[in-house]
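Only the coordinates and a few stated rules stand behind these numbers; no lab work does. Only a predicted model underlies this, so the values are computations on that prediction, with no experimental measurement involved.
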Amino acid sequence: MMARWQLAWSLARRFRGRRQRSRFLSFITVSSTFGIALGCMVFIAGLSVMNGFSNVLETRFLQLIPHVEFRAVEGALKYPETIYAAAEQHPLVTQARPVIRTQALVQQGREFVGVEVTGIDPTRGHNVADLTSATAWQQLVQPNTILLGAGLAQKLKLGAGDSMTLVVAAEQGFQAPKRLQVTVAGVFTFGGQVDHQMAYVNLDTARTMTGLTEGVSIIELSVADVFAAEQVANEIGYQIKDFVYLEHWMRTQGHLYRDIQMVRVVMYLALILVLAVACFNIVSTLMMTVQEKQRHIGVLRTMGLRTAEVVKVFVLQGIQNGLWGVLFGCLAGVVVSLNLPHVFSWIEQWSGESLLSSDVYFIDRIPVLLQWRDVLIVAAVALLMSLLATLYPAWKASRVEVVKAISA
């Protein structure tokens, strides 16, 4: 059995040898190999970029976006202890934080700027602490202090120690808005519109702004698996007594993740189509080889080569084209993916413009994350397409009439 496979492999290599083919046939063969290699390289690099965006979405963008939150319908939560108890017992919840969130206007001279103010408990910790200085975070414990986004601070020309006025609308009726003088504890830098729209204060300051005497209006949860946020929200939501608005990041910001996944699906479809076009050259190559080698096939058949072995010869010949294309394409794709950050940096330096503006996006560089699973998937799809491309020409070769082939 092994000897027959070795014979088929030897014949396939001999038929593929350049000395045994015309120049045009050699060109078609090389082009098919090159097409498969190029397709593999491009899609490994493209999928690495998609993986990078997915990873940044999980690890950075959701750093300040709550995974799950329970918000009181009106005023403060009446039974927050039930939420804390359910969160502590849930295996996927890593942290539960009390929060008060409100909208305010920042008045600086004659200029008013809208801002979302979030009241947090600095003693419980928060991810925003990693985005600012230790001094600013310690100052936030003091009453009437505020932590501003870098873009907002730059627009208002404010820095640590400066004073500003917050104007907050009354919760009920047509009362005059509240004005609260606060001191800037420092700034945080996240990127994108967050730096221009968000600010943080401690819970006592937030209660003064909203008129709450005690308690909090929101409890935020962080979960170990961000894609299980909806499941966690529903499971805990059934256990609480309050009437609340239940939110999770997949509902508020999930369109970003869905967009990334849609692009990934489109890339997989494009991968199949591009490789199908490249593998069509394998069909052309083998069909031309069958026509060119009919006499050789006839001689081999008279010497005892079976029909199944003829099929093996041409299948293995086509697989060689795909195998070399996959090998070189995957190696090139891995090399390109690992060096894409340097390529993008060089493009930015050469053009003098940033590919991603930090004022608009929450990142300022195109992220790249190579995953070997994608390399294996691309290689498997390419090899499968190459195998399918060999079947019809191999079948045609097995149907060659021996007498006509020898006498031709």
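Summary of computed values
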read-out: Nonlocal amide H pairs with Gly119, under 5 Å, H built at 1.01 Å; value: Ile100, Arg101, Thr102, Val201
read-out: The stretch 93-203: C-alpha gyration tensor shape, a/c 1.5 cut-off, then a/b vs b/c; value: oblate
read-out: Residues whose placed amide H lies under 5 Å from that of Val216, excluding near-sequence neighbours; value: Leu77
read-out: ³J(HN,Hα) computed for each position of the stretch 134-140 - Karplus, 6.51 cos²θ - 1.76 cosθ + 1.60, integer Hz, glycine/proline x; value: 5, 5, 5, 5, 5, 5, 5
read-out: In order through the stretch 83-99: 3J(HN,Hα) via Karplus (6.51 cos²θ - 1.76 cosθ + 1.60), integer Hz, x for Gly, Pro; value: 5, 4, 5, 5, 5, 5, 7, 7, x, 8, 7, 9, 7, 10, 10, x, 9
read-out: Residue-by-residue Karplus 3J(HN,Hα) for the stretch 242-259, coefficients 6.51, -1.76, 1.60, Hz, glycine and proline x; value: 5, 8, 9, 8, 9, 10, 9, 5, 5, 7, 8, 10, x, 4, 5, 5, 5, 4
read-out: Sequence-distant residues sharing a close amide H with Thr145 (under 5 Å, placed H); value: Thr183, Asn202
read-out: Of Lys155/Lys178; Lys157/Lys178; Lys178/Lys241, pairs whose Cα-Cα distance is over 29 Å; value: Lys178/Lys241
read-out: Relative contact order computed over the stretch 118-258 (Cα-Cα under 8 Å; 6+ residues apart), in percent; value: 27
read-out: Gyration tensor (alpha-carbon) shape descriptor, the stretch 141-210, a/c threshold 1.5; value: prolate
